[in-house]
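Everything below concerns the one structure shown next.
A short reminder: the numbers here are calculations on the coordinates, not readings from a lab. Quick caveat: nothing in here was measured; it's all calculated off a predicted structure. Here the Cβ positions follow ideal geometry from the backbone for every residue, glycine too, while neighbour counts run over all protein chains shown.
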Amino acid sequence: MIIMKLTHIITTVFIALLLFAGAGTAAESLYEGSITVITADGTATVEDVYKAVADAKGFTYTTSPWGTIADINGIANTETEFWMTDYENNGETPVYSVADPVIEGAVISLHYDVFDENWQPLDTKYTAKITVADIMTEEEAAASPIPALGIIAGLAAAALFLGRKA
C-alpha cells in the first residue's frame, strides 16, 4: 500500500515537471525604450507609437483586422500563443486597439503569452515595453533637436541590448 502511494506521488510529480518544464523561464525582451511620437496635430494613437518604434528600428509589426497586434518581428499569433497588451495611460481609460489615443508618459507593455485549452496563461515567451516620452507636432519636431537625439539614443540602446549575451 505504501509503495503504491509513493509510486503514485512520484508519477504525479514527474508528470507535473514534464508539463511545466518551460514554464516560468524568463521571457525574451524584443524591445524596451522610450520614444518620441511626431504627428501632424500633436495627438497620438497606439498605432502612431508602434510606427515610431518601427521607424526607429525597434521592431517590426503588423496589426489584425480587429486593430490588435498580429505579429512583432514575425512572431505571429497562433491558436495557443497570442500578443497581449497591458497599457498604462497615466490612470486614464485602458486601450483596446491601435486606434485608441495615448498621452505623454504612457507605457505600453506587450507580451507574447502561451495559453492552455482553458485560456489560462502558462508562460510568457517575449515582451516589448514602450514608454511615450514625448508627443510633438511636425512643426515642433522641425524646430527641436530632441527627437533626433531620442532616435539616436533609442538606436544605440537597441544595438547594445541586441548585442548582449543571455
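Overview of values
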| item | result |
| --- | --- |
| Neighbour-count ranking [beta-carbon atoms within 10 angstrom, fewest first] of THR80, THR68 | THR80, THR68 |
| 5 angstrom amide H check on TYR126, placed H, neighbours 5+ away | GLU28, TYR112 |
| Long-range HN-HN contacts of ASN73 with modeled amide H, under 5 Å | THR60, TYR61 |
| Burial ranking of peptide ranges 40-47, 108-115, 60-67 (average Cβ count within 10 Å, highest at the top) | 108-115, 40-47, 60-67 |
| Near-label residues of region 107-136 by backbone N, under 13 Å of a point 7 Å along Cα→Cβ of ASN77 | 111-113 |
| Residue-wise HN-Hα coupling along region 59-65, computed from phi with Karplus coefficients 6.51, -1.76, 1.60 (Hz; x: Gly, Pro) | 6, 9, 7, 9, 10, 7, x |
| Relative exposure of LYS125, LYS51, judged by other C-beta atoms within 10 Å (fewest first) | LYS125, LYS51 |
| FRET efficiency for THR39 and VAL114, using Cβ-Cβ distance with R0 set to 35 Å, rounded to 0.05 | 0.50 |
| Neighbour-count order for TRP119, TRP83, fewest beta carbons within 10 angstrom listed first | TRP119, TRP83 |
